1. Which whole-number percent gives the relative contact order of chain A, counting Cα pairs below 8 Å spaced six or more residues apart?
2. B:Gln297 to B:Ile9: extension gain in nm, 0.36 nm per residue of separation minus the Cα-Cα distance?
3. Between 0 and 90 degrees, rounded to the nearest ten: what's the tilt of helix A:58-88 against the longest Cα principal axis of chain A?
4. Compute the distance in nm between two label points, each set 7 Å from the Cα along the Cα-to-Cβ direction, one at B:Glu168 and one at B:Glu276.
5. State, as an integer percentage, the relative contact order of segment B:170-280 based on alpha-carbon contacts under 8 Å between residues 6 or more apart.
6. Of the trypsin sites (Lys or Arg not before Pro) in segment B:257-362, which ones lie in a loop per DSSP and count no more than 15 other C-beta atoms within 10 Å?
7. List the chymotrypsin sites (Phe, Trp or Tyr not before Pro) within segment B:240-282 that DSSP assigns to loop and that have no more than 12 neighbouring Cβ atoms inside 10 Å.
8. Using the beta-carbon distance between B:Leu345 and B:Val67 and R0 = 41 Å, what value does 1/(1 + (r/R0)^6) give for FRET efficiency, to the nearest 0.05?
Amino acid sequence: MAVQTESYIMLSIVLFTLGAMGVLLRRNAILVFMSIELMLNAANLALVAFARHWGGETGQLFVFFIITVAASEVAIGLALIVTIFRTKRSINIDDLHEMKG
Amino acid sequence: MTELWLFIIVGALAVAAAVMMLLSENAIHSALFLIVTMVSIAVLFLMLNSPFLAMIQITVYAGAIMVLFIFVIMLLGAEKLGLADPGPIKSRFRWFTPVALALALALLFTAGISTLQGNIDEKTPPLAPGEVRVVNASNSGPLDVYVGSRLIASSLPFGAATEFTNFEAGQYIVSVRPVSGREVTTTYLPADGMFTNIVAYGSGEMPQVALVEQNFAAVARDGDTRVTIFNGIGSAAAVSLVDSRSLDTNTDQYVNTIITSIPASTSASIDTPSGEVNWRFIDTTSPSNTLVDLTAQPFTTHQNSLLVLTDQERGDNASRLLPVIISTTALPEFGSPRSIGFSLLTQFLLPFQVLGLLLLAGMVGVIVITHREMRPSRKIQQRRKVSRSLTNVISAQVGQDVSEEDLPQLPQPEPDTEPEPAS
């Protein structure tokens, strides 16, 4: 194969690191969510690369499950953000660090 | 070479869009950059032989999840967040930035070293152990077949085949025992990833035995089907496979020869477009001698067929040549929707259904979380108990004013305002 599996894994690691940095450094709750989605995508890429390398389809099947779970997680997380915003009028996570209200 | 360049371009696009997503001030811009990242990851999925997942990524991730993000950003009015974002001004969080950067560099360093030095590609995937089955195309009646000491076929009738069974490495003596007559033996060595057919063919009391290998790998072109042909004709003649409709009446030759020659007791395999075929097996030496005719023989996709040409004895010493066709379901192509659906509905049925329940629970949960009690409008409570004209009539009759000030009033709440941009 022209492109080694290692290249895909390196790309997956770089994307995962960027996602982790986004989770730690951004203050907007929605941006934190989007960084989590970026980390999940990086994991999906690693899984599909290894599925192609080992010739088994279980990796691709697991990516299918991850996408489904990510969809439901995003729905519930955004619903929570919308509800919190109604009372606190802010989605800056510095203001949300206490579980009050 | 082009694949390497495509990978570099798409990978750089994914990383650049991810960086821009993190640095962007406007939340809508961040969402759009994330969509670019997801589409480039879908292109990478296509390069990794998984077209189904690429389409699912675009449809579900970029098409549904990110649209949901954009809905919520617009609903909360958070797209202008960056301008008012004070940054981590709280002193307790000021140590986040350098620690996060140091952790990121450490992760990149260690993961990069382990990936580049880890020799992922030196390991090859393990092959499945060799499998074998028995095909009876002989006229010796029902057969019992022993491989080693294991009985894998008992009273196998003409034209039937057993299921595949796998054997560990080693050398096995294959013993084919017809009902009448002595046994015929041969040896079998299982090899990893090889599918072997023990074909008993031939007329007469003692069957002849041959080992025919069948290739179950995916076909090169989608829609093709693979046919393995074994020449077991008793007259030991080499056959050719031609298209029966390509007979040129002038020269009496077949124009379209599919396989030039299959010598006796050997096999050949061919990938042909699926559908009905019009095949004719002719004697190689004398093309006008038609041995077996297969008109309108259907070979469907996703099937791997074994075709054994053999003699079938009928009464009074007459025999006719017969093809014995054993069809097996072929493995679907790697990464295609059919193969993933096959696994989802057989081996992974339980997780599939549990995920459906999870999505249902998530949907109900979202509705419950965001549900808001709608209190009735204030106007109903502010309406006078009695209309104004009637109060005038009453006060005229009673002689004093009917005043509403003494009536107990509910506290006046503030009216609902539109959501303001988050501060």
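Bear in mind these aren't lab numbers, they're just calculated from the coordinates by the rules spelled out. Here the structure is a predicted model, which means the values were calculated and not measured. Cβ placement follows ideal geometry from the backbone for every residue including glycine, while neighbour counts extend to all protein chains displayed.
1. Working: 81 pairs, mean separation 27.1, N = 101.
The value is 27 percent.
2. Working: separation 288, 0.36 × 288 = 103.68 nm, distance 4.86 nm.
Extra length from B:Gln297 to B:Ile9 when fully extended: 98.8 nm.
3. 10 degrees
4. About 5.1 nm separates the two model spin labels.
5. Details: 185 pairs, mean separation 23.8, N = 111.
In percent, rounded to a whole number, it is 21.
6. On the way: sites: B:Arg280, B:Arg314, B:Arg320, B:Arg338; in loops: B:Arg314.
Within segment B:257-362, the qualifying trypsin sites (Lys or Arg not before Pro) (loop, at most 15 other Cβ atoms within 10 Å) are B:Arg314.
7. Numbers: sites: B:Tyr254, B:Trp279, B:Phe281; in loops: none.
Hits after loop and neighbour filter: nothing returned.
8. Details: r = 29 Å, r/R0 = 0.70.
The calculated FRET efficiency here is 0.90.
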